Amino acid sequence: MRNTGQRVATDSQENGSKSEKGCVLICQHTSCKANGSADVLAAFEAAGDTDFEIKAAECQGQCSSGPTVRILPEETWYCRVKPNDVPVIVEQNLKGGIRVEEKLNPRIHMRFSF
Ligand code: FES
């Protein structure tokens, strides 16, 4: 199980194979677009060089909590992303390999406390 807030290892890092470029999908479908996902996409594109390809995406099935940002292959899902969230996602997650807990989609990254 991959925990939130901890270092994210890609499959290629885990098995020691040659790493492939990751991908950041920024939903540009109706709901996300109405909540500013075009500006989120522009912020990622302006953020500078990373090992991740930045791509506009179709609906990711999380419409009520958009703009949705999904990072592959690690399967990190962020919700309600605003342009001013992008620098921390880039520095902490894309460059540092550590998820930004406060922006994780709770439907996908469930947290339990007992
Ligand atoms: S419209 Fe973006 S997740 Fe559905």
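Values for this structure:
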{"quantity": "Residues that are among the aromatic types (Phe, Trp, Tyr) and within 16 Å of the ligand (Cβ to nearest atom), drawn from the stretch 50-96", "calculated": "Trp77, Tyr78"}
{"quantity": "Within the stretch 42-62, considering residues that are of a type outside the set (Gly, Ala, Ser) and under 20 Å from Asn84 (Cα atoms), the one modelled with the lowest pLDDT", "calculated": "Asp49"}
{"quantity": "Hits in the stretch 77-89 - residues which are surrounded by fewer than 19 Cβ atoms within 10 Å (Cβ to Cβ) and either among the basic types (Lys, Arg) or over 17 Å from Gln62 (Cβ atoms) (or both)", "calculated": "Arg80, Lys82, Pro83, Asn84, Pro87, Val88"}
{"quantity": "Residue list for the stretch 49-81, filter: over 16 Å from Ile98 (Cβ atoms) and either among the acidic types (Asp, Glu) or not in a loop (DSSP other than H, G, I, E, B) (or both)", "calculated": "Asp49, Glu53, Ile54, Lys55, Ala56, Ala57, Glu58, Cys63, Ser64, Ser65, Arg70, Leu72"}
{"quantity": "Extreme residue, nearest to Ile98 (Cα to Cα), among residues of the stretch 28-48 that are of a type in the set (A, V, I, L, M) and more than 14 Å from the ligand (Cβ to nearest atom)", "calculated": "Ala47"}
{"quantity": "Cβ-Cβ under 6 Å pairs, at least 6 apart or on other chains, the stretch 94-114 side small (Gly, Ala, Ser), far side buried (at least 18 other Cβ atoms within 10 Å of the Cβ)", "calculated": "Gly97/Val8"}
{"quantity": "Count - residues of the stretch 22-55 that are more than 17 Å from Cys79 (Cβ to Cβ) and either of a type outside the set (Gly, Ala, Ser) or touching a strand residue (DSSP E or B) at 6+ places or on another chain (Cβ under 6 Å) (or both)", "calculated": "10"}
{"quantity": "Qualifying residue in the stretch 4-15 (condition: surrounded by 16 or more Cβ atoms within 10 Å (Cβ to Cβ), modelled with pLDDT of 95 or more and assigned to a loop (DSSP other than H, G, I, E, B))", "calculated": "no"}
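The values are calculated or read from the model by the stated rules, or taken from the named source; none is laboratory data. These numbers come from a predicted model, not from an experiment. Cβ coordinates were reconstructed from backbone atoms using ideal geometry, including for glycine residues, and neighbour counts include every protein chain displayed.
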